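Below you'll find the structure, written out as structure tokens, and then a few comments.
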Amino acid sequence: MIARVVDAPLSVAEHEDAVADKRAGAVVSFAGVVRDHDGGRSVTELEYVGHPTAADVLTELAEEFAARPGVHAVAVSHRVGLLGIGDVALACAVSTAHRGEAFAACAELVDEVKKRLPIWKRQVFTDGEEEWVACP
Amino acid sequence: MSVTVRYFAGARAVAGVDTETRDAGSLDELVGQIVDEHGERLERVLTACSFLVDGTQTRDRAVALSPGAVVDVLPPFAGG
């Protein structure tokens, strides 16, 4: 099982390989990618910072999903540090016997990561302004 | 009673410090002190924050703080 918070480029293919299982008929993967716009403004770069417990929380999440009935394996990583447009911030993959379970588990895993993983995002816009996303 | 406050992300940006030491017996008392010190911008950010008191996440400001407690100020998560 992969469950990492890392300051290095992420490979979705590595996550797909990590969930390979002879019983699996479906592997669904997801890449959360840095886009060049948000709320109608142009974005130049993003910085993600994590709480010291982020890796533990991600491990907990991966174990929770891996224990689901029908799920064979889970791999998930979040990148921290300074990222450019097109870089992968979140990579995950899930393997199951049938595709429906894999699509559902992967989508829910991404939702739970966004909800529970203590990681924050600073967005820098082309006009030089910056903001911490979701912070009032 | 001395407690350590650690600010993260947007809370750290408006507080202007990573860490500070305060004397407070409850989370409510602590929040009052840090708002007095760092002002309205921190107060606004705190409306969206949860707290990690010695490793346990809470939004309940009535929580008592023991001497030496570590309180992390956590803005809304924004991973993915």
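What is the set of long-range amide H partners of A:ASP87 at a cut-off below 5 Å, with H atoms built 1.01 Å from backbone N?
Under 5 Å from the amide H of A:ASP87 lie the amide H atoms of A:VAL34, each far enough along the sequence or on another chain.
Checking the a/c ratio against 1.5 first, then a/b against b/c, what shape does the Cα gyration tensor give for the range A:2-126? Walk me through the numbers on the way to the answer.
Numbers: a/c = 2.22, a/b = 1.80, b/c = 1.24.
Prolate shape, in that a/c is at least 1.5 and a/b is the bigger ratio.
Please turn the phi angles of the range B:13-29 into ³J(HN,Hα) values with the Karplus equation 6.51 cos²θ - 1.76 cosθ + 1.60 (θ = phi - 60°), one per residue in order, whole Hz, x for glycine and proline.
So the Karplus estimates, Gly and Pro as x, are 4, 7, 6, x, 9, 7, 9, 8, 10, 9, 10, 8, x, 9, 5, 4, 5 Hz.
Which loop-located trypsin sites (Lys or Arg not before Pro) does chain B contain, where loop means any DSSP state but H, G, I, E or B and the Cβ has at most 14 other Cβ atoms within 10 Å? Don't skip to the answer; put the middle values down first.
On the way: sites: B:ARG6, B:ARG12, B:ARG22, B:ARG41, B:ARG44, B:ARG59, B:ARG61; in loops: B:ARG59, B:ARG61.
Of the trypsin sites (Lys or Arg not before Pro), the ones in loops of chain B whose Cβ has at most 14 other Cβ atoms within 10 Å are B:ARG59, B:ARG61.
Between A:ARG41 and A:LEU82, what's the calculated FRET efficiency when r is the beta-carbon distance and R0 is 22 Å? Round to 0.05.
On the way: r = 19 Å, r/R0 = 0.85.
Efficiency computed from Cβ-Cβ geometry: 0.75.
Classify the protein assembly as shown as rounded, prolate or oblate from the Cα gyration tensor: take a ≥ b ≥ c as the square roots of its eigenvalues, call it rounded if a/c is under 1.5, otherwise prolate when a/b beats b/c and oblate if not. Walk me through the intermediate numbers first.
Values: a/c = 2.84, a/b = 1.63, b/c = 1.75.
It is oblate, given that a/c is not under 1.5 and a/b is not larger than b/c.
So what is the relative contact order of chain B, in percent, for Cα pairs below 8 Å that sit 6 or more residues apart? All intermediate terms of the calculation are to be shown ahead of the outcome.
Values: 137 pairs, mean separation 34.0, N = 80.
Relative contact order comes out at 42 percent.
Rounded to the nearest 500, what is the 222 nm mean residue ellipticity of chain A from helices alone, with -39500 (n - 2.57) per DSSP H run of 4+ residues and division by all residues?
On the way: 3 runs with 38 residues, N = 136.
Mean residue ellipticity at 222 nm (helix-derived): -9000 deg cm²/dmol.
Using the Karplus equation 6.51 cos²θ - 1.76 cosθ + 1.60 (θ = phi - 60°), what ³J(HN,Hα) coupling, rounded to whole Hz, does each residue of the range A:112-129 give in order, writing x for Gly and Pro?
Here the 3J(HN,Hα) series is 5, 4, 5, 7, 10, 7, x, 10, 10, 10, 10, 10, 10, 9, 4, 7, x, 5 Hz.
Long-range amide H contacts for A:VAL5: which residues qualify at under 5 Å (H placed 1.01 Å from N, peptide plane, sequence gap of 5 or more or a different chain)?
Result for A:VAL5 returns A:HIS78.
Mind listing the long-range amide H neighbours of B:SER26? Cut-off is under 5 Å, sequence gap 5 or more, other chains count too, H placed in the peptide plane at 1.01 Å from N.
Long-range HN contacts for B:SER26: B:LEU65.
Please work out whether the range A:20-63 counts as rounded, prolate or oblate from its C-alpha gyration tensor, where a ≥ b ≥ c are the square roots of the eigenvalues and a/c under 1.5 means rounded, while otherwise a/b larger than b/c means prolate and anything else oblate?
On the way: a/c = 4.29, a/b = 1.51, b/c = 2.84.
Since a/c reaches 1.5 but b/c is at least a/b, the shape of the range A:20-63 is classed as oblate.
Please return the longest range in chain A lying between exposed loop sites, taking trypsin sites (Lys or Arg not before Pro), DSSP loop only, at most 11 other beta-carbon atoms within 10 Å, and leaving the sites out. Each step should come with its number before you reach the end.
Working: sites that count: A:LYS22, A:ARG23, A:ARG35.
Between exposed loop sites, the widest span is A:36-136.
Could you pull out the GluC sites (Glu not before Pro) across the range A:1-88 that fall in loop regions by DSSP (anything but H, G, I, E, B) with no more than 13 other Cβ atoms inside 10 Å? Don't jump to the answer; show the numbers that get you there.
Details: sites: A:GLU14, A:GLU16, A:GLU45, A:GLU47, A:GLU60, A:GLU63, A:GLU64; in loops: none.
Answer in residue order: no site qualifies.
Counting helices only, and only those DSSP H runs with n ≥ 4, report the 222 nm mean residue ellipticity of chain B as the sum of -39,500 (n - 2.57) divided by its residues, in deg cm²/dmol to the nearest 500.
Numbers: 3 runs with 26 residues, N = 80.
That calculation yields -9000 deg cm²/dmol at 222 nm.
Taken together, the values in this text are just the output of simple stated rules run on the coordinates, not laboratory data. Everything quoted here is computed from the prediction, not taken from an experiment. Every residue, glycine as well, gets a Cβ built from its backbone with ideal geometry; the counts of neighbours run over all protein chains shown.
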